[in-house]
Amino acid sequence: MQDRYGHRISYLRVSITDRCNERCGYCMPQELQEWLPRHEILSYEETLRIMRIAVALGVSKVRITGGEPLTRRGIIDFVRQIPAIRQITSIGLSTNGTLLAREIAPGETMAKALCDAGVQSLNISLDTLDPEIYSQITGRDFHAQVLAGIDAAIGAGFEQIKMNAVLMRGRNENQLLPLIEFAAARKLLLRFIELMPVSTTEVLNESNFMSVMEAKRLVESAYGSLIPDTEFRTNGPAIYYQIPGRPQRVGFIGAMTNMHFCENCNKLRLTCDGKLRPCLGSYLEFDIMQPLRAGASDEELKQFFLNVVDRKPREHDFRHNYQPNRKMVAIGG
């Protein structure tokens with residue numbers, strides 16, 4: 001699939017739930033979210049069918065997201081069915097990490113079960129190593145569980161574990177260097193992400209925004225000039241650098257300040273309530289659940305996908321006084 005601007009779509013981010021056990025301000029502020037009733041959520045069978053349709057049109061990479069995807073029952077059995085879609089070459093999952101160390105069978109953690117089921121890469125959110133700041137950011141006292149979850153993920157044997165930290169002035173700017181050292185000790189790929197105006201209008205303001213360039217300068221003040229690593233790519237838009245004198249990469253994701261951020265976008269998003277979104281930073285979303293449940297054929301659903309791709313915007317609207325219409329937790333991380 002290719003849109004009118006030359007974006008080649010090979011990546012589908014699949015949300016399986018809007019529920020989460022944390023309350024991060026940039027995703028789901030406090031208790032403002034009303035959970036969707038079960039009948040308004042795509043079943044696993046429906047989700048797998050949509051994934052097969054996407055794969056028939058050229059998608060080869062999928063990432064399971066939430067909410068917090070590990071809160072949904074039956075996720076391991078669901079994930080086990082994804083590798084059977086043979087054209088999928090990359091299976092990832094994004095999580096806050098709080099449930100990875102949970103024992104789901106004697107001697108088996110959630111992390112190990114996911115790895116054995118076919119998940120190749122994990123994205124784990126961790127904005128700070130300070131438990132008190134963590135509680136302020138997430139609204140929950142789960143810091144120890146996340147650290148245990150990271151250890152469980154390392155022990156499970158995933159091909160790649162990425163750690164994501166959202167930049168927030170006044171909250172975690174003094175945590176960048178500790179996070180780098182934490183990631184280095186565990187051989188994790190760390191990415192710093194600019195705050196984006198999703199969820200509510202209050203999420204992003206001049207006082208709490210920290211650009212990736214400012215973060216990069218702060219890192220360089222401690223380690224020296226970072227070395228661009230233009231050949232290294234992951235599925236997303238991160239720009240990677242190597243830290244001088246050590247085999248460690250750090251990524252920067254600058255949706256707000258990188259004017260070329262959208263040029264190589266290759267993704268669509270499927271929300272848990274059956275909406276296809278061609279862009280996170282756009283109001284556009286298209287209800288594929290309705291034709292799916294009305295008995296649409298595979299060919300009709302393929303055409304639905306193609307029509308959505310044709311509506312994909314050239315770039316996101318975040319820089320143009322964007323007013324959120326859905327909380328991030330309902331869109332999919």
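Could you list all residues from the range 77-120 that are part of a loop (DSSP other than H, G, I, E, B), among the small types (Gly, Ala, Ser) and farther than 28 Å from Ala56 by Cα?
Scanning the range 77-120 gives Gly97, Ala101, Gly107.
Which one of the conditions (1) farther than 15 Å from Ala255 by Cβ; (2) under 18 Å from the mean Cα position of the chain (by Cα); (3) at pLDDT 95 or above does Arg191 fail to meet, given that it meets all the rest?
Only one criterion in (1) farther than 15 Å from Ala255 by Cβ; (2) under 18 Å from the mean Cα position of the chain (by Cα); (3) at pLDDT 95 or above is unmet by Arg191, namely (1).
Among the residues of the range 147-162, is there at least one that is outside any loop (DSSP other than H, G, I, E, B) and within 18 Å of Tyr26 (Cα to Cα)?
Scanning the range 147-162, I find no residue that is outside any loop (DSSP other than H, G, I, E, B) and within 18 Å of Tyr26 (Cα to Cα), so the answer is no.
Conditions: (1) surrounded by fewer than 21 Cβ atoms within 10 Å (Cβ to Cβ); (2) in contact with a Lys or Arg (Cβ under 7 Å, 6 or more places away or on another chain); (3) under 27 Å from Pro83 (Cβ atoms). Ile133 meets all but one. Number of the miss?
(3)
Just checking: which of the helices (runs of 4 or more DSSP H) contained wholly in the range 206-315 hold 2 or more residues that are in contact (Cβ under 8 Å) with a residue 60 or more places away in the chain?
Qualifying helices (runs of 4 or more DSSP H): 289-293, 298-310.
For the range 304-331, name all the residues that are at pLDDT 90 or above and closer than 27 Å to Arg38 by Cα.
Within the range 304-331, Phe304, Phe305, Val308 meet the criteria.
Mind listing whichever residues of the range 33-71 are farther than 19 Å from Leu12 by Cα and modelled with pLDDT of 95 or more?
Thr71
Please go through (1) of a type in the set (Val, Ile, Thr); (2) touching a Pro at 6+ places or on another chain (Cβ under 9 Å); (3) buried (at least 21 other Cβ atoms within 10 Å of the Cβ) for Ile91 and return the number of the only condition it doesn't satisfy.
Condition not satisfied by Ile91: (3).
The values are calculated or read from the model by the stated rules, or taken from the named source; none is laboratory data. Worth saying up front: this structure is predicted, and the values here are computed from it rather than measured. Neighbour counts run over all protein chains shown; Cβ positions are idealised from the backbone, glycine included.
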